[in-house]
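Below: the structure, in structure tokens.
Values in this text are rule-based calculations from the coordinates and carry no lab data. Computed from a predicted structure; not experimentally measured. Cβ coordinates were reconstructed from backbone atoms using ideal geometry, including for glycine residues, and neighbour counts include every protein chain displayed.
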Amino acid sequence: MDPPFGSNIFYADSSLLWDAWLGAETDQAAEIVVNQRRVRTAGGKDLDLYGDLMAQAFSEAARILRPGGRAVLAFSNTDDRVWTEVQDALSDAGLETHNVHVLDKGQPSIKGVKGQLGQERVTRLDLILTLAHRSRPRQERTKAPAAFIDASLKRALNESVTAPDHVYSAVLRDVLQSDFSTTDVTIASIERRRAALASNAVPAGALPDFVAGYLSSGTLPISTNPATPDTPPPARLVSGSRNTALYSAHSYHTKVPPEAIQPFIDHFTRPGDV
């Protein structure tokens, strides 16, 4: 299925030359597009009526879809309200989304060209939704959590997706596939979140302050040994380890085991040293 994308393109108007060549006339009033420049009696439609007509079309597709079968919907829009109407229309028709993929047709539409030229904030990419008869009770959709949007955004960036419309389409794909509401999922909102994540990122090449984790504001321990020993410990080995006192001194910061710490302090320090 490849229905009209909201108000992106008025196909009946675009068919005028074809109609003249074929000697036919398309009923423009019957076209399922959002067109508020026309009055309702002349085929004008608002977003609510567009959603109702889409639900009727999807219901017919669901009626003829065999049990266990799959239907494919190609759709694109950057208005979250249009996507919400499509989601509701699919649910009203008894269909659910199983998988969503991003489709780059290579040759953009006139809308896509305007997006590439920066004349409009639109995407040149389509989304392909794989649909099936609903297998679970219908539930009210909720907005995607901020953490979900952030994770999807980071995943897209890690996959070397950089163009704003492509990043938006990748996030929208995840939102649709997880059956969250598309409310507030727009190119502008995704770009704002992308900028916020970038401002909080650690600059490339920066090293974290790993020393801070080892510092303590508490009082350092003080040896209780009354005097410096005149002779080394009688035993060369500390019970339960392979460490000699010399070995402990050599590897104090990395390898000294807990049972060797006290003999090390007693032998190599004076009262008040630590």
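In terms of the ratio Rg/(2.2 N^0.38 Å) built on C-alpha atoms, what value belongs to the range 134-207? It would help to have the intermediate numbers written out before the result.
Working: Rg = 14.1 Å, N = 74, 2.2 N^0.38 = 11.3 Å.
So the Cα radius of gyration is 1.25 times the expected 2.2 N^0.38 Å.
Please go through the range 1-46 and write out the trypsin sites (Lys or Arg not before Pro) that DSSP classes as loop and that have at most 16 other C-beta atoms within 10 Å.
Numbers: sites: ARG37, ARG38, ARG40, LYS45; in loops: ARG37, ARG38.
Answer by residue number: ARG37, ARG38.
Around SER199, with a cut-off of 12 angstrom between Cβ atoms, what is the net charge of the other residues, counting Lys and Arg +1 and Asp and Glu -1?
Around SER199, the charge tally is +3.
Under 13 Å from a label point 7 Å along Cα→Cβ of LYS105: give me every residue in the range 9-33 with its amide N that close.
Residues 9-11 qualify, since their backbone N sits under 13 Å from the label point.
Taking LYS154 as the anchor, which aspartates and glutamates have their alpha carbon closer than 19 Å to its alpha carbon, excluding any fewer than eight residues away along the same chain?
Result set, ordered by chain and number: ASP165, ASP174, ASP184, GLU191.
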